[in-house]
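The values are calculated or read from the model by the stated rules, or taken from the named source; none is laboratory data. Computed from a predicted structure; not experimentally measured. Positions of Cβ are backbone-derived with ideal geometry, glycine not excepted, and every protein chain shown enters the neighbour counts.
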Amino acid sequence: MSDAAQLGITVPAAWTRRHLLDLEGLNGDEILALLDVADQLKTATGGCRHKISVLAGKTCANLFFENSTRTRNSFSLAAKRLGADTVEFSSTGSSVAKGETFVDTAKTIEAMGVDWVVTRHRTPGTPHLLARELGCSVLNAGDGPHDHPTQGLLDMLTIRQHRGSIEGLTVALVGDIAHSRTARANLWGLSKLGAHVIVCGPPTLVSQRWAELGFEVAHDLDEILPRCDVLNLLRIQFERQAARPFPSVHEYANLYAMNVARMKRAKDNILIMAPGPINRGVEITPEVADGPHSVILEQVTNGIAVRMAALYLTANAGNHSIADDKAGTR
Amino acid sequence: MTAPILITGGRIIDPANQTDRVADLLIVDGQISAIDPAKESIPDGAEKIDASGKIVSPGFVDLGVELREPGFNEDETIATGSAAALAGGFTSILCCSSTMPCIDSPGAVEFVRQKAVQADGVRVHVIGCLSKNRDCEQLAEFGLLHEAGAIAYSDAPRPITNDALLKRALEYARMFNLPIINRPNVMSLSEGGVMHDGQVALVLGLKGLPTEAEDLAVARDVRIAEATSGRLHIGPISTMGAVDLVRRVKDRGIPITASVCPHNLCLDDSNLRSFDSRFKVHPPLRSPGHISTLKAAVADGTIDAIQSGHMPRAREKKMDDLDASPFGLASLETTLSTLVTYMVVPGLMDWSAVIDRLSTAPARIAGVGGGCLSVGYPADVTIIDPDAKWTVNPLKFKSRCVSTPLDGLTLDAVVDSTIVGGRVRYQRGDDSAK
């Protein structure tokens, strides 16, 4: 029996991919495979705190062309918890600053012998381009406003840990949907697992076209609030907005900030989530962020769990365990 | 003088003279000498080209090609662009001002014309800048540019963003009877966009180029053209709204003209799901509703002409992500085949209409001659094999640009030979593009 099997870690048959590029392209079974393995790895590492060696001898390169603190560190820790080595690259001070294209930079790093490239870039589709150009696995750590699969997964894992299942829940994504990769990752992931998803915010940040794609579009938080099981409060992405989509932060907070008064109108067991970094006083007040319904810090821990799952499954694509095969035939 | 040529047995399609029949075409001294010439009038030693099973058409005319020289020779040169045009069946092209320096001085016009003479291929007609430095502040010297040989004024591919300047240009150009060409685009609505603003852009998180940016510019253009009685060509257009405006204003008898690019008749915005920069083209690939409207408008003549939209960019520039890589494509060598594949084969348009949109109409709009096979006119002739099929491989293009959204597609019809002024300047061979 292998170490992984002894630790209770499986490779579900649904998983066959070498890359994790977006949640839009995955089916429900693949998403569940990631969540299940995340739970297993979280347990095997004592709540993401201890080191195991299931990926010993492998190397994970973080290639971030955009600033990041939590995602970068979360991926690094996830790799280290599983026994892999990590190597860090950032766009400032590297050859990218000297005019090299990001594909050439990635190829150079791959040539150093890495097994995964974890990439973040301001332009949608860059991980997909790298997956075509590189031989190693590519994990998307955020590509512009397009997708951020591990963020979507950690949000879903957190919901599932509290509610047992995603199916049938009403989840509202509130705020800057237009510029948010977290919003898109959640939209695809949650809807594939059977949740009712509402996108809520001012019309300049929430396109009516989302309704054409089958999602509920709302502009009045107070109207939808009593129906919601989960609120995911997205940060206003000032850095991605060419022109300010609302008159003032004060006006935005008045319309959409989750505060104590609004909490009184919410369901008793509502979960309050935020992908962070949070703008206290803009989308969420401190009383709510630090209150009993907030699971913001659990999300951070679960981030390591889903990133361990992404690393583990992409490294073992197709190597699903015999036990799992038997389970499949029974 | 050039040697006489007798093109035998081809189907001669000449919309300007309402000709569509199998006949021989005699070229003498660089001019069309006769259709179905009497035996005794054929000079001894005339070169014979067997065109049985082929279509004999007036040479194609392109209303706006970027040649990029001087300044951006890595993208294209006048010589390589000329060779690409010939391989695409074009005998005349209008050259845009996306050069460094731009073509806002008589010297720049002369430079392009001289380089074209050296290239000794397609007829290159120069579009002079509409504004000095293409910055939309002040009119370029229309009179001096005209004297140097410019045949139209435009800042294309940049749009005219200054309403008052467009009005002044349309008024002022009237004394030279030359057209103004505008590429409709309200920049404040489209800034930073990389693809059609629709459902696909929303899903991909890519910044959109909204249709209203084009519609609004067309609405302004047609109103100013009407007010000034100026000669205005709008193009390329790519939206339902633009087609609607053009149709309505033409119904009122305002003599504006419009054109469309072949890529907007065949490929939709879902191609961007690949995140491949070869689909980053301008005008952008729109959603299917726009495509069917544009096809109908080309077929019924609301859209007068097809222009290739040739916008060559070097391979290294296109080898980047969708934000960083420029808009651009090589399209001179695929224009005819795209139209045949997506318009003629499905039965939306007949051959005569295709040749009208590619030759007769653009020649009339530009006022540069050509576009017909009338006796006594310069022999600009394109011979087409309508039944051949080929697979697009941009590495075989004459153009320096190897990026095309049609890469790998199999298309109908091939240009067999291109004759400019009675000289065969391109002949499809083993080493040719197809």
Answer yes or no: is there a residue in segment A:116-138 that is under 22 Å from residue A:37 (Cβ atoms), of a type in the set (A, V, I, L, M) and surrounded by fewer than 24 Cβ atoms within 10 Å (Cβ to Cβ). yes
Being within 16 Å of the chain's Cα centre (by Cα) and farther than 18 Å from residue A:274 by Cα, is that true of even one residue in segment A:164-183?
no
Filtering helices (runs of 4 or more DSSP H) wholly in segment B:285-344 for at least 1 residues that are touching a Cys at 6+ places or on another chain (Cβ under 7 Å), over 13 Å from residue B:238 (Cα atoms) and in contact (Cβ under 8 Å) with a residue 60 or more places away in the chain gives B:335-339
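A quick yes/no check of all residues on (1) among the charged types (D, E, K, R); (2) within 22 Å of the chain's Cα centre (by Cα); (3) not in a strand (DSSP E or B):
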{"site": "B:111", "(1), (2), (3)": "no, yes, yes"}
{"site": "B:125", "(1), (2), (3)": "no, yes, no"}
{"site": "B:133", "(1), (2), (3)": "no, no, yes"}
{"site": "B:147", "(1), (2), (3)": "yes, no, yes"}
{"site": "B:152", "(1), (2), (3)": "no, yes, no"}
{"site": "B:174", "(1), (2), (3)": "yes, no, yes"}
Could you say whether any residue in segment B:52-62 is under 22 Å from the mean Cα position of the chain (by Cα), hydrophobic (A, V, I, L, M, F, W, C) and either part of a loop (DSSP other than H, G, I, E, B) or under 24 Å from residue B:140 (Cβ atoms) (or both)? yes
Considering residues that are over 15 Å from residue B:409 (Cα atoms), surrounded by fewer than 24 Cβ atoms within 10 Å (Cβ to Cβ) and more than 12 Å from chain A (Cβ to nearest Cβ), the number found within segment B:265-277 is 1
Here the residues within segment A:191-201 that are surrounded by fewer than 21 Cβ atoms within 10 Å (Cβ to Cβ) and touching a helix residue (DSSP H, G or I) at 6+ places or on another chain (Cβ under 7 Å) are A:192, A:193
- Query: Looking at segment A:227-238, is at least one residue within 14 Å of chain B (Cβ to nearest Cβ) and among the basic types (Lys, Arg)?
  - Reply: no
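Let's see how each residue does on (1) modelled with pLDDT of 95 or more; (2) buried (at least 22 other Cβ atoms within 10 Å of the Cβ):
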{"position": "A:33", "(1), (2)": "yes, yes"}
{"position": "A:36", "(1), (2)": "yes, no"}
{"position": "A:58", "(1), (2)": "yes, no"}
{"position": "A:84", "(1), (2)": "yes, yes"}
{"position": "A:104", "(1), (2)": "no, no"}
